[in-house]
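All of the numbers you see were taken from the coordinates with simple rules; none came from a lab. Keep in mind it's a predicted model, so treat the numbers as computed, not measured. Cβ coordinates were reconstructed from backbone atoms using ideal geometry, including for glycine residues, and neighbour counts include every protein chain displayed.
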Amino acid sequence: MKKLRLIINPYTGTMKIQRQLCQVLELFSAAGYESTIYFTQCKGDGTVYTKEHAKDCDLVVCCGGDGTLNEVVSGILDLPADQRPPVGYIPAGTCNDFASSLGISVDVMKAAERAVRGKPTRLDVGRFGSRLFLYIASCGAFTEASYMTPQAAKNSMGHLAYVLQGIGSIKDIKPFRASFRVGDAIYEDDYVFCSVSNSTSIAGIVKLDETLVNLSDGLFEITLVKTPKNIPEILSIVNAIKDKNLNSPMIQLIHASSAVFSGEGTIAWTIDGEYEPGGQGISIENLPGAMEIML
Ligand SMILES: [Mg+2]
């Protein structure tokens, strides 16, 4: 029998899996897997557990939010390349941005089915300084929303909590001076939002057209939104976001495999929905095809 490790974060989102756990395990058995279950105990535990226990199994299935998946994948990438099992993902967070970008259902049984019967697919992973990100590192407007929103509000209001928190913070948006060095080019300006992403969905607010994004091309999309100084500039940004093409003189969309970020003062970042203190001269790098996920 093949070995499967099911890693569950019991503290995220609605945790629908707890009602369907028996059915999920039965499905895994029917697919030829013997399952071991682990409930993460604290932040970061997913990485520690995965690093210790993933090398002797055929598949790791992660059930939690995007932050939990980040922990699990970070643990797997700490293993030697020939000992890394593929990952299945049962999204159980509040926003599930990354899952929706991958087309993974939020229905527990459908996601479980795909985790064991899907096709192992290689996707790029990002490195932001010493941390990994699966789909986005961002700073500025909206990025505080996901980690500032209390968990209780996230659970009861779901996605709405993020959006409300985002809108509530518009008056608090502080432009910041930042620069990205991409190859020989330097992009420097006063921005209200910057992101480095490998996803069609940015911070749950901006959707990029699917023709602009490839999750396994070794490239990120760097999105830089300049500080608007008047109403036409605000409208230009809003329309570019609405049209999903980010076509605006106020927005730069750069495809790149690496970049170096520097910013004035301390600019807080969000990595896959979790807080990151940021810093100066941060090296951001694409690790092509580093993650193998069941799709
Ligand atoms: Mg890409």
Point to revise | Residue-wise HN-Hα coupling along region 275-286, computed from phi with Karplus coefficients 6.51, -1.76, 1.60 (Hz; x: Gly, Pro) | key: 5, 9, x, x, x, 9, x, 7, 8, 10, 9, 8
**Study point:** Derived scalar couplings ³J(HN,Hα) [region 45-51; Karplus, 6.51 cos²θ - 1.76 cosθ + 1.60; whole Hz; x for Gly, Pro]
**Key:** 5, x, 5, 4, 5, 4, 4
Practice item. Please report, in debye to the nearest 20, how large the charge dipole of the chain is about its Cα centre when each Lys and Arg carries +1 at its beta carbon and each Asp and Glu carries -1 there. Key: 540
Review point. Stretch Met109-Lys55 to full length: gain in nm at 0.36 nm per residue minus the Cα-Cα span?
Key: 16.9 nm
Practice item. Throw me the Rg/Rh for region 2-118, computed over C-alpha atoms with Kirkwood Rh, two decimals. Key: 0.92
Exercise for review: Any of Lys43/Lys207; Lys55/Lys119; Lys2/Lys51 with alpha carbons more than 25 Å apart? Name them for me.
Suggested key: Lys43/Lys207
Practice item. Pull up all non-local amide H partners of Cys63: gap of 5 or more, or a different chain, and H-to-H distance under 5 Å with H placed in the peptide plane. Key: Ile7, Ile8, Asn9, Ile90
Point to revise | Segments 111-117, 273-279 sorted - mean Cβ within 10 Å per residue, highest first | key: 111-117, 273-279
Review point. Between Ser257 and Ala81, what length in nm is gained on full extension when 0.36 nm per residue of separation is reduced by their alpha carbon distance?
Key: 61.3 nm
Point to revise | region 1-152, dipole about Cα centre (Lys/Arg Cβ +1, Asp/Glu Cβ -1), debye to the nearest 20 | key: 200
Review point. Given a cut-off of under 8 Å on Cα pairs at least six residues apart, what relative contact order in percent is computed for region 2-118?
Key: 32
Study note, to complete from the structure: Over the chain, the sum of -39500 (n - 2.57) across DSSP H runs of at least four, divided by residue number and rounded to 500 deg cm²/dmol, gives at 222 nm -8500 deg cm²/dmol
Check your understanding: Most exposed first by the Cβ proxy, i.e. fewest other Cβ within 10 Å, how do Ser35, Ser199, Ser258 rank?
Key -> Ser258, Ser35, Ser199
Exercise for review: Please check which bits of region 47-66 a label hung off Glu292 would reach, taking the label as a point 7 Å along Cα-to-C-beta and the cut-off as backbone N under 16 Å.
Suggested key: 54-62
Check your understanding: If amide H atoms are built 1.01 Å from N in the plane of the peptide, which residues on other chains or at least 5 residues away come under 5 Å of the amide H of Glu34?
Key -> Lys2, Lys3, Leu4
Check your understanding: Can you sort Tyr89, Tyr11 so the residue with the fewest Cβ neighbours within 10 Å comes first?
Key -> Tyr11, Tyr89
Revision key, fill the gap. For Ser201, the residues 5 or more places away or on another chain with a placed amide H closer than 5 Å to its own amide H are Leu208
Practice item. Obtain the radius of gyration and the Kirkwood radius of the chain from its C-alpha atoms and give Rg over Rh. Key: 0.98
Check your understanding: Tell me, what ³J(HN,Hα) does each residue in region 126-140 have, in order and in whole Hz, if you take phi through Karplus 6.51 cos²θ - 1.76 cosθ + 1.60 with θ = phi - 60° and put x for Gly and Pro?
Key -> x, 10, 10, x, 9, 9, 9, 10, 8, 9, 7, 10, 8, 9, x
